[in-house]
Amino acid sequence: MTKHLSPADFQAATGCNAAALARLDTYAALLAKWQVAINLVAGNTLPDLWQRHFLDSAQLLALAPPGTARWLDLGSGGGFPGLVIAALGVEAGIATVHLVESDQRKATFLREAARAMDLPGVTVHVKRIEAMEPAALHAAMGGAPDVISARALAPLGDLLGLAHRLAGPDTLYLFPKGRQAEDELTGARRYWTIRDLRLLPSKTDPAARILSIRGLEPA
């Protein structure tokens, strides 16, 4: 039988403190409760929540630049990676995490989870990403996002188009991708110039990669 990652294993892997782990315990319990009515994650991944979703999301935090204070997560769904980043980011100085999710039921879950975890810096936008107004978003965040993330949202070429209009000149993009990451990157380069790219291994899936992008401009 496969051994699933436990909360203690997660804490050892990430170095998070007891307060952060308690927030994620609260999140896990709430997600299991809501999953009965709303498909927040694939049902067969729920037994391995701490590995497949929590650790997979948490690994992005270590890739954020020092001093990151404003984080924007697109297509947040059940809260991955954005709500995990918010739960862990309190001690890291991440003051605001904005989650964009167009599904009203999922957005309600995100708000309830943020409330239950006592994360006042989380703001949920119930909008399509295309409908987000960059100037209004930046005003609400107190500036352009330091990091934009998205997980399992869209092919890279489309994702870059969604994210770029909401970014600032120094924004770092962090996009976990599966085994097709390099193929997606090849396709996206037809339309986008990427001046600073790192293709990083995932800690949770040997076939997956994390794209770390800066200096993004239309080709």
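A few points about this structure:
Yes/no per residue for (1) assigned to a loop (DSSP other than H, G, I, E, B); (2) touching a residue at least 40 places away in the same chain (Cβ under 8 Å); (3) of a type outside the set (S, T, N, Q):
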{"site": "Leu88", "(1), (2), (3)": "no, yes, yes"}
{"site": "Thr108", "(1), (2), (3)": "no, no, no"}
{"site": "Arg111", "(1), (2), (3)": "no, no, yes"}
{"site": "Asp118", "(1), (2), (3)": "yes, yes, yes"}
{"site": "Ala144", "(1), (2), (3)": "yes, yes, yes"}
{"site": "Leu153", "(1), (2), (3)": "yes, yes, yes"}
{"site": "Leu160", "(1), (2), (3)": "no, yes, yes"}
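- Lone unmet requirement of (1) surrounded by 14 or more Cβ atoms within 10 Å (Cβ to Cβ); (2) over 23 Å from Cys16 (Cβ atoms) for Ala135: (1)
- Looking only at region 170-187, and only at residues there that are modelled with pLDDT of 95 or more and assigned to a loop (DSSP other than H, G, I, E, B), the one that is surrounded by the most Cβ atoms within 10 Å (Cβ to Cβ): Thr171
- All of Gly67, Gly93 fail the test of being in a loop (DSSP other than H, G, I, E, B), surrounded by fewer than 20 Cβ atoms within 10 Å (Cβ to Cβ) and in contact (Cβ under 8 Å) with a residue 60 or more places away in the chain, apart from Gly67.
- Options Ala167, Ala139, Ala152: the member that is over 14 Å from Gly75 (Cα atoms), of a type in the set (A, V, I, L, M) and in contact with a Pro (Cβ under 8 Å, 6 or more places away or on another chain): Ala167
- Whenever a residue of region 29-52 is under 15 Å from Leu83 (Cα atoms), its partners that are at pLDDT 95 or above and assigned to a loop (DSSP other than H, G, I, E, B), lying with C-beta atoms within less than 6 angstrom and at least six residues away or across chains, give the pairs Leu40/Gly78; Val41/Gly78.
- Hits in region 39-57 (condition: assigned to a helix (DSSP H, G or I) and either among the acidic types (Asp, Glu) or at pLDDT below 90 (or both)): Gly43, Asn44, Thr45, Leu46, Pro47, Asp48, Asp56
The values are calculated or read from the model by the stated rules, or taken from the named source; none is laboratory data. None of these values were measured; they are calculated from a predicted model. Neighbour counts run over all protein chains shown; Cβ positions are idealised from the backbone, glycine included.
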